[in-house]
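Data first, discussion second: the structure below is written as structure tokens.
Nothing in this text is a laboratory measurement; each read-out follows from the coordinates by a stated rule. If you're wondering where the values come from, they're calculated on a predicted model, not measured in any experiment. Cβ placement follows ideal geometry from the backbone for every residue including glycine, while neighbour counts extend to all protein chains displayed.
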Amino acid sequence: MARATRTGSVVDNSLLVFCLIASVIALFLPAKSRDKSAATLRRTISAPLALLQRRAELSRAAFLSYDDRMQRMGDLASLRSDNTGLQSENARLRELLGLGRRLQWGFVAGEASPAQLDVDVVQHQILQTFNVTVGARAGVQPFAPVVSEGGLVGMIETVDAASSIAISYSHPDFRVSVTTPNDSAFGIVQAHLVSSGAERGLLEMRGVPFRSPLKAGQLIVSSGLGGTYPRGIRVGTVIREIVTAEKWARTYLLQPSAPLANIGPVFVLLKKRADAGVETVWMSPQAADSAARGVAAAGDSLARRDSLAREAALQESAARRAALDSARDSTATDSVRPRPSVPSPTAPAGAPVRVPVVTGGSAGAPAPRPAPQPRDTARAPVARPTVPRPTVPRPTVPVPNGTGDAGRAGRAALP
């Protein structure tokens, strides 16, 4: 290492001495020779060095600008994520304020935070229990419903002075009596307990009478039976029927109306408000848009399948219509196609056609039209009908009244 350092210093010193000697010699050269030497040095040594320096400066500026751009992009991405979170939070708070205006009284607002998560919560966001920042001081009691703008979230299980613990609809012990808005079918909703898959976190509606089938997208609300949940709270929407061993009742898979991911602020209904009923809160015109969005979200997969089936049916109908139109066009073409002229079997080709003329009749009566005759390929002369002459009254001549030869002779003598 020391040897390499000494060698490098010797080379540097040698180059320095050479440059000094060359500069001294250049000072004593004639002006013409000095200019030529300077031009040669600029072309061979100075120009490449200047170009190398320029490229180095551009590369340094590019690196600095790239770092600056990346930093700005990171700041913008951070601001965008923060803005998206704020927008979603503001939208959720606005919806909750709308729910508060519809409820008007008998509820307590609180912030929900996860208390116990399922083992697979990172992948499926299955929230079974959560804390609520209101307790007995605010009038919260066990078995009080926990709701949000979407609908039913869960039920208060234990109550402390300033906080409470609630179970969500994904808890294995959760049950709620439900019905359709028109009371066409009743059942019990519980968590859809599956170990994994896309159906994890959904609900099951069990005990539906076999004579009461439900369609996909049907809204399900709490029935008010049992005394825990008042009637009219949205629970979910029907996705499809589940085939089970129970042949005397139907089971349906439901999409929950209130998502558990990022649950945030919630309302806890007090006992007086639950006893008074909330049937018109989630079924009001102000909540119609939210209900429509919930139904649309619940039937996305079914809508895609139905759209494909509908498209296939439309294509088949269009094909049938095209086939009928083509058949109808061909029939119409055959009906208007000109028929070939057939020569008359009685008259040879080229013979003149005689038209019968009827004479006689009263004065001024129009002549009858000739009967239509088949045309021949050769042009034949057509006889014109004669116009009848007017009848002139004849003079009256006495005629002998006789039936014999004399009478006949007298009548013959008349003009």
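Computed about the Cα centre, the dipole magnitude for the range 1-94 is approximately 440 debye when only Lys and Arg (+1) and Asp and Glu (-1) carry charge, each at its Cβ.
Couplings 3J(HN,Hα) for the range 208-214, derived from phi with the Karplus relation 6.51 cos²θ - 1.76 cosθ + 1.60 (θ = phi - 60°), are 6, x, 5, 7, 10, x, 10 Hz, where x marks Gly and Pro. Panel order for Phe28, Phe174, Phe130, by other beta carbons found within 10 Å of each beta carbon, from fewest to most: Phe28, Phe174, Phe130.
As a rough footprinting exposure proxy, the listed residues Trp282, Trp248 were ranked by other beta carbons within 10 Å of their own, and the order from fewest upward is Trp248, Trp282.
Need one number: nm distance between label points at Leu225 and Asp160, each 7 Å from Cα along Cα→Cβ, rounded to one decimal. Here the answer is 3.7 nm between the modelled labels. Across the options Leu86, Ala39, Leu64, the greatest Cα extent toward the positive end of the charge dipole of the range 37-103 (unit charges at beta carbon of Lys, Arg, Asp, Glu) belongs to Ala39.
Take 43-54, 207-218 and order them by the average number of nearby Cβ atoms within 10 Å per residue, most first; the result is 207-218, 43-54. Once the Cα-Cα distance is subtracted from the 0.36 nm per residue extended length, the Trp105 to Ser33 segment shows a gain of 15.5 nm. Taking 37 °C and 0.692 mPa s as conditions, the range 37-103 diffuses translationally at an estimated 193 µm²/s according to Stokes-Einstein applied to its Kirkwood radius (Cα pairs). The string of couplings for the range 276-282 from the Karplus curve (6.51, -1.76, 1.60, θ = phi - 60°) is 6, x, 10, 5, 8, 6, 7 Hz, one whole number per residue in order, with x for Gly and Pro. In order along the range 66-82, phi translates into HN-Hα couplings of 5, 4, 5, 5, 4, 5, 5, 5, x, 5, 5, 4, 5, 5, 5, 5, 5 Hz, rounded to whole numbers, per the Karplus curve 6.51 cos²θ - 1.76 cosθ + 1.60 with θ = phi - 60° and x for Gly and Pro.
Amide H to amide H distances under 5 Å link Gly264 with Ala112, where only residues 5 or more positions off or on other chains count and H is placed in the peptide plane.
As a proxy for reagent exposure, ranking Met70, Met155, Met205, Met283 by other Cβ atoms within 10 Å from fewest up yields Met70, Met283, Met155, Met205.
Close amide-amide hydrogen proximity is noted between Val176 and Val189, each under 5 Å apart and 5 or more residues distant or on a separate chain (H modeled in the peptide plane; Pro and chain starts excluded).
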